[in-house]
Each structure stands twice: as structure tokens, then as C-alpha cells.
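Structure, as C-alpha cells:
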Amino acid sequence: MPVDRLKARCIEASDMLYLGIDCGTQGTKAVLFDPEAGGKIVGRGYAPHQLIADATGRREQMVEWWTSALEQAVFHAVRESGRAASDVAAIAVSGQHHGLVMLDEAHQVIRGVKLWNDTTTAGENERLIEAAGGQDGIWELLGTTLPVGYTASKVSWVRRNEPEIYARMRHILLPHDYLNFWLTGVLAMEAGEASGTGFFDVVSRTFSERMIEIVDPDGVLARALPPLVSPLQPIGTVRREIAELFGFRPETIVACGSGDNVMGAIGTGSVRHGRATLGLGTSGVLNLFSERPVPEIERSLQVFCGVEGGWIPTTATMNATSSTSLMRDLFGVEVGDVDGLIGAARPGADGIRILPFFNGERRPSLPRARASMFGLSQDNVSRSNLMRASAEAVALVLMYGYRQLPVDTGTRQTLRLTGGGANSPAWRQIIADVFDAEAVRVKWDEGGAFGAALLALTVERRLSGGRETLADICDRFVELDEAMAAHPNAANVALYRDVFAEFLELLRREHGVAS
């Protein structure tokens, strides 16, 4: 729908709600945000996803699981708010990056969605990098790296292994793009999400024709790409069926949204130069916001386009809270017991070291690696030491990438924490000590869902003639919870410097990774 028609259909924003949705790996969250009620989240909902996984590294989901979970989460958030769905003025969606959604000519999904953590495509990824001229060639084409989790290798894998299915592909979307399509009927993508495809130039903010040709010289991929749109403009209004399903007004607008790394940065207020966010969910993500392109950083790091300009250089681990969850399952303890077990052990876990590559690893690039433990003895093997060593290992992997992020982005003394691990005082202290930085949880820890709600608010207000920028909105509504802050302990900082040196030596010895 043209923007001028959408403007005519916008209503006064007083006492309206803004719906943020985040489709993650484990489930879908929905939050209802009321900017006039002191800037509070007034309703929350969540529903889990199933996961197809096996020992080959296959990780897939079905889009019906996402839409079903979205329905459940939104209905629950509306009920909890005590408000009507017709009070929702605007919606935005955040979603797990990189997943490959393939549609046929009738806009029907033609196979399960290969996810960001699917490593069956490692061989394809290596071939693509070689064809592009190695890491330097990839960087020249994309302005970022090409990890195995990106979309490009998934496209190449399906093309090579399932040619009949690939021949039916007419449209390609990523997870949050698909949910936008389900809500509006509009096929679209924006630069933040496209940054994680592996065939998008993050510097020029355009698709890379050369990389697309490397992935698919036959042109099927090139013809299947959706149009690129501005993330600060609505992509349309909800479909009639969606309005009737939820009780939304037909004129409820849908902002474009983005992938969860980009939306998580919004939800933590990391939209100003030099701010840093560390997310501790199933995976771990640490990013900085930079107003300038970052061509000088280490060329195995990821760079995403920001929503309101700027770039988000990022390091990530595929194994964060999933590592401690494995230990929790092994020991048969509840989620609430994890923090106590971590805190019961001394920093350094009495010499136990873990390389936590249970699902391969993105940074360092070790897609075929598996986890390993070192330093076990009769004296130190205990549930608390193993749990703490698992948490410390996640922090060490993130530190490995963090030290190679750009150094000119300003002060980085505070890490804004989000995700399930951020709720743990013991884990917050480990982060503070390993990084020698204040680690503080954001007040509204709904990550991408909260970021989506703030983006929905920004887009709706701009459409109504407002002059506030996204950064202004974040400065106004994103708060740090000082009651959930950790400050570095000098003795622990010194200890973890030695532990990190041991970690680097293990990487070199076991996997040939240079420090």
C-alpha cells in the first residue's frame, strides 16, 4: 500500500499499543508495549517451537510451527494486557537470521526451513568461499564474512542435493520476512536481514550480483529475490484474514522489522556509536554499533546493516545457554538450580576447561568441531565445577571474537546484557570478570521482541508526522537495570586473563586456530 494512503489511515497514537514479535529458534515471543503508560510492556506471550535435528548437523523447522506459535503468543499477550487487539496501532517482527524459506509460484513453502545452526552445508560454504577468492574475495564482495550459518550455503546445498525442489523455487525469504508475508501478503526484505544472506554487500546496501552468480549461475536465485525496502517505512497493513483472526483493525500497519541480531540491538538501545550488546540465549551474540563502515576489522567477523544507518560488527557463538542446558539435563537439575551450581564453584572451575563446540562453532570458524573437556581429575570433577566451566567457556569464546571488533567505536566499559543467561547473577559476574567491564541487564529483557515494538512505534509515529528518530525512541524507553549489574573483580580479572591464555593454547593445539 502506498505510504500516502497509509498516512491517511493512521490514527492518533494516544493510548495505542505496539506489538513486537520475535521468532527465535526455541520459540516465539510477543510483547505489547504502551508508551503512554510510563513506557511499559503490558502484555507478554510465548509459545515453543519444535526442532528437527540429527547427528549430521541438520537443523530445520516448519513455517507452520512459527505461525502457530505466533498465534498463541499474540493471543496470550493480548489477554495478559487486559486490552483489546483493536488497540494495536502497529506491528513489527524480529526473527532468527539466515534461515532459508523457499516458496513456489503459488507462494507455497516447498521444503522445511534450514536454520542458522544447520551445519550440513559446511562443504558448500567452503566451495563458495573458494570460488569467491577466499576470505579476502568474500570481504571485497560483501563487506562481511561468510559463515556456514548464512543463507548462501543453504541455497547452494538445496540446488546441488535437491534439484527438483530447487527448480520449483520462485521466491526466497528469511524467517522474519516470511512472517511479514503471512501478516501482510507482501514479499520484501531489508538491509539488516539481507546482511546475513551471504549474497548482500553491507557497504553499498545492495545485493551482490557477482556473489549471487557464484551461488547460482543459472539465475534461479537472482529471479527469486524479494525487493529491498526501507526498514523505517511500513510494508503494508495486515491482511483481512489476519485482522479477523486476532481482532486487529484493518488499518493496523506492519513495519518491516529485521533479523534478531539487528532488532536485539534496538531492544537494548545499542543504536548509538560505541554501544555494545551481549546476548546470552541458545546462541551467544556480542555486537557493537558503529556509525562508520568497518573494513579494517578481522575478516572472519560478521557485519550487519543497522536499521537507521550505521553498521553492527558482530561476533557469535553457536553454543551459549545451550551448553549449560546440556549440563543441566545431564545432572537432572532444574533451570533454577543452574545459577547456584555456577556460584558454588570457584572462578576457574578448579582447572577444568571446556571447548564448548557441541554444535560446531561459528567464531572461530569450526563448523565440524565437537566439544571437549580438559583438566579433569579425581579432585575437581563435580557438578558445580562442570557447570561453571561450561558458562566460563561461553564467555571465553565470545571474548575471542570481541577482542577483534573495531577499537575506534568509543567507550566500551558497559556491556548491555540480554537473553536467558543475563538473568543469572553468577553468569553476569563471569562476563564482567572475563571482559573487565560492567555487565548490566536491560530492564525489559525481551530482546528482539522489545526492539520490534520500539521499531513499530517509530515507524507509526514517523508516518503520523512525528520527528523522533529510532535512536531518540530507544534513549527514551530502553533502561538498564542497575539492580542486575555486575562489576569486574580485580582478582578475578587477573585470573581470567590466565584462563583465556590457556583457552587460546587449547584452540591452537586441538584445532590449529591461531591466537
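Candidates Leu506, Ala485, Leu455 compared by Cα position along the dipole of segment 443-515: farthest toward the positive end lies Leu455, with charges placed on Cβ. Translational diffusion coefficient of segment 285-405 (Stokes-Einstein, Kirkwood radius from Cα pairs, 20 °C, 1.002 mPa s): 137 µm²/s.
Rolled with a 1.4 Å probe across the full set of protein chains, the surface gives Phe75 an accessible area near 70 Å².
What fraction of the Cα pairs in segment 372-515, stated in percent, has a spacing above 28 angstrom? Roughly 34 percent, rounded to a whole number. At full extension, Glu213 and Leu376 could sit 53.7 nm farther apart than now, given 0.36 nm per residue minus the alpha carbon distance. Computed extension length for Arg272-Glu482: 73.6 nm, one decimal, from 0.36 nm per residue of separation with the Cα-Cα distance subtracted.
Placing +1 on the Cβ of every Lys and Arg and -1 on the Cβ of every Asp and Glu, with no other charges, gives the chain a dipole of roughly 120 debye about its Cα centre.
What is the gain in length, in nm to one decimal, between Leu326 and Ser464 on full extension, counting 0.36 nm per residue of separation less the C-alpha to C-alpha distance?
Values: separation 138, 0.36 × 138 = 49.68 nm, distance 4.85 nm.
Between Leu326 and Ser464, full extension yields 44.8 nm more.
Its Kirkwood hydrodynamic radius, worked out from the mean inverse distance over all distinct Cα pairs, puts segment 198-316 at 16.6 Å. The spacing between segment 249-288 and segment 323-357, judged by their C-alpha centroids, is 28 Å.
Could you grab the Rg to Rh ratio for segment 437-498? Cα atoms only, Kirkwood for Rh. Walk me through the intermediate numbers first.
Values: Rg = 17.2 Å, Rh = 14.0 Å.
Ratio of gyration radius to Kirkwood radius: 1.22.
Report the charge-dipole magnitude of segment 195-331 in Debye, nearest 20, computed about the Cα centre from +1 at each Lys and Arg Cβ and -1 at each Asp and Glu Cβ. Mind showing how you got there, number by number?
Working: 11 positive and 14 negative charges, 69 e Å.
Dipole about the Cα centre, nearest 20: 320 debye.
Normalised size of segment 412-459, defined as Cα radius of gyration per 2.2 N^0.38 Å with N residues, equals 1.32.
Within the accessible area of the chain, the carbon and sulfur atoms contribute 49%, probe 1.4 Å, all protein chains present.
Which percent, nearest 5, of DSSP beta bridges in the chain are antiparallel?
On the way: 49 of 70 bridges.
Bridges in the chain are about 70 percent antiparallel.
About its Cα centre, how strong a charge dipole does segment 371-436 have in debye, to the nearest 20, once Lys and Arg get +1 and Asp and Glu get -1 at the Cβ? Please report the intermediate quantities before stating the final value.
On the way: 6 positive and 5 negative charges, 38 e Å.
So the magnitude is around 180 debye.
Packing, as the average of other Cβ atoms within 10 Å across residues, places the peptides 149-157, 491-499 in the order 149-157, 491-499, highest first. Rolling a 1.4 Å probe over the heavy atoms of the protein chains gives the chain an accessible area of 36 Å² per residue. Between the residues Val31, Pro48, Val101, the greatest Cα displacement towards the positive end of the dipole of segment 12-167, with unit charges on the Cβ of Lys, Arg, Asp and Glu, is found for Pro48.
Test of understanding: express the Cα radius of gyration of segment 149-236 as a ratio to 2.2 N^0.38 Å, with N the residue count. Could you put the intermediate results ahead of the total?
Working: Rg = 12.9 Å, N = 88, 2.2 N^0.38 = 12.1 Å.
Cα Rg divided by the expected 2.2 N^0.38 Å: 1.07.
The calculated FRET efficiency for Arg170 paired with Glu241, based on their beta-carbon distance and R0 = 22 Å, is about 0.50. Over segment 57-149, the reciprocal of the mean inverse Cα-Cα separation, the Kirkwood hydrodynamic radius, stands at 16.5 Å.
If DNA, RNA and ligands are ignored and the probe is 1.4 Å, what is the ranking of Glu244, Glu190 by accessible area, most exposed first? Before the final figure, lay out the partial values.
Numbers: Glu244 125, Glu190 0 Å².
Of Glu244, Glu190, the descending order of accessible area is Glu244, Glu190.
Computed over the chain, the alpha-carbon pair-distance distribution with 20 angstrom bins reads 24, 58, 18, 0, each value a whole percent.
Going from most exposed to least, what order do Lys443, Lys114 have by accessible area with a 1.4 Å probe? List each step's numbers first, then the result.
Values: Lys443 90, Lys114 5 Å².
Final ranking, largest accessible area leading: Lys443, Lys114.
Within the chain, how many lysine pairs that are 8 or more places apart, or on different chains, have C-alpha atoms less than 24 Å apart? Intermediate values should be presented prior to the final figure.
Numbers: Lys29/Lys40; Lys29/Lys114; Lys29/Lys443; Lys40/Lys443; Lys114/Lys154.
Lysine pairs satisfying the spacing and distance rule in the chain number 5.
The values are calculated or read from the model by the stated rules, or taken from the named source; none is laboratory data. Computed from a prediction, not measured in an experiment: that's the story for all the values here. Ideal geometry is used to build each Cβ from the backbone, glycine not excepted, and the neighbour counts take in all protein chains shown. Side chains are part of the model used for accessible areas, which takes the heavy atoms of the whole protein and leaves out ligands, DNA and RNA. Shrake-Rupley method; radii C 1.70, N 1.55, O 1.52, S 1.80 Å.
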